[in-house]
Every structure is written in C-alpha cells, then in structure tokens.
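FYI, it's all coordinate maths here, none of it is from the lab. It should be emphasised that the depicted structure is a prediction, and the values quoted were computed from it without experimental measurement. Reconstructed Cβ throughout: ideal geometry from the backbone, glycine too, with neighbour counts over all protein chains shown.
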Amino acid sequence: MNSKKIIIYLIIGLTILFILLMLSRIITDKKINNITNNESASSTSVKKLFLGGKLSTDFSLHSIPIDKILDGGPGKDGIPALVDPTFTTLAEAEKWLPPHADGLLVTINQMTKFYPFNILVWHEVVNDTINNQPIVVTFCPLCGSAIVFDAQLDNKREYFGVSGKLYESNLLMYDKTTESLWSQIIGEAVVGTKTNTKLKIIPAQVISLAT
C-alpha cells in the first residue's frame with residue numbers, strides 16, 4: 001500500500017514538474033515573440049538591423065512591426081538604384097533586347113519610355129524624369145510588383161534608393177532626404193519621419209518590346 005502511494009506521489013510530482021517547465025517555456029517564448037513597439041524600437045537587434053546597413057532611419061516612428069522587417073542581404077545601396085539613366089532608340093534596343101522582353105511602358109505628355117525588366121531586376125529603383133515630371137520606377141523581383149510613382153515630396157524632387165530590407169517579401173526603398181523606409185507595394189512610408197506619407201501612382205503598362 002505504501003509503495004503504491006509512493007508511486008502515485010512520484011507520478012504526481014513529475015507531472016507537476018513537467019507542467020511547470022512547459023509554463024516556463026511558454027512565458028519565455030511570449031517574452032521573445034510578443035515585443036511591444038517601444039521595446040522593438042530600442043532593442044539591440046533592431047538597432048543592428050538598421051545601423052548595420054548604414055541607414056539613419058528614425059525607427060521610433062513606424063506603421064509596421066519593426067521586428068517583422070527582414071534583412072535582404074546586400075545592405076543599403078547594395079543593389080544600386082539608377083539616376084537619370086541613358087536611353088536609346090527602339091531600333092538600337094532591338095539589337096540586344098529580344099522581342100519578348102517585358103518591361104514597363106510609361107507615357108507622360110506624349111513622351112514615352114520603356115524600362116525593361118531585365119534591367120530593373122538588377123537595380124529595382126530608377127529615378128528618372130519624363131517631360132519635366134520626376135518619377136521613380138520600382139520593381140520588386142521577389143513579388144513581381146512593378147509600380148511607377150510621382151517622385152515629388154513636399155513640392156520637391158526626391159530621390160530613392162534600395163534599403164536592402166524587406167517587409168512581407170516586398171522591397172523597402174528609402175528616400176535620400178530622411179532615409180524613411182517606403183513599402184514599394186503600397187507606395188507609403190512605413191518607418192521613419194515620413195511614416196504614413198503616400199506617393200502618387202503614375203500610370204504604367206506592362207508590355208513586351210514587340211507590342
């Protein structure tokens with residue numbers, strides 16, 4: 001009888017110990033995963049995320065969870081954005097671009113430019129001007145989104161670069177003035193002093209060179 005009681009007490013004791021260990025693990029996981037905005041903004045890991053890529057973004061201001069931003073690898077300007085690229089004629093382009101080459105066609109005030117994807121994939125951001133209209137042509141190879149925006153902010157021309165960061169597998173570009181991070185897919189600043197500022201979309205078409 002006594003031996004049975006000892007076995008029962010031992011089983012109960014081990015069960016209680018197991019439950020306590022599991023509760024301790026759950027509490028620890030919650031502390032790691034459920035990071036508040038204030039904690040995430042001041043954490044060492046987040047600072048490394050930004051400072052490691054030489055970004056001076058004010059990450060105390062943000063509309064997305066800071067801890068959900070991922071490092072894409074190349075770092076700030078590791079993928080070089082283009083500024084006022086050189087263009088050629090259609091006849092010249094056809095010598096090295098295949099007819100099925102897809103790209104973005106942008107027309108502003110009767111002036112048209114074609115931005116091939118096989119060039120955009122290496123740069124992701126192109127700062128350009130069409131008929132005195134500043135634009136930024138953007139392409140995210142990971143999600144395949146290609147969008148053109150009006151590059152004027154506060155009535156001034158703004159230039160953009162590739163931050164090397166990703167949010168939900170989408171390109172986060174940055175502006176050169178404040179180094180705020182902008183979601184390419186929604187055209188909105190999501191981290192930094194420009195948070196919640198939106199860019200105006202410029203109409204563009206995805207077509208092939210032969211179209």
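Could you go through region 200-211 in sequence order and give the Karplus-derived ³J(HN,Hα) for each residue, using 6.51 cos²θ - 1.76 cosθ + 1.60 with θ = phi - 60°, rounded to whole Hz, and x for Gly and Pro?
So the J values, rounded to whole Hz, are 7, 7, 9, x, 8, 10, 8, 9, 9, 4, 7, 5.
Grab the Cα-Cα distance for S60 and V83, subtract it from 0.36 nm times how many residues apart they are, and report the gain in nm with one decimal.
On the way: separation 23, 0.36 × 23 = 8.28 nm, distance 2.96 nm.
Between S60 and V83, full extension yields an extra 5.3 nm.
Let me spell out the model: positive unit charges on the Cβ of Lys and Arg, negative unit charges on the Cβ of Asp and Glu, origin at the Cα centre of region 45-208. What dipole size does that give, in debye rounded to 20?
Numbers: 14 positive and 17 negative charges, 61 e Å.
Computed about the Cα centre, the dipole is about 300 debye.
Give me the aspartates and glutamates in straight-line cross-link reach of K68: C-alpha distance below 20 Å, same-chain residues under 8 apart excluded.
D29, E39, D58, E168, E179, E188
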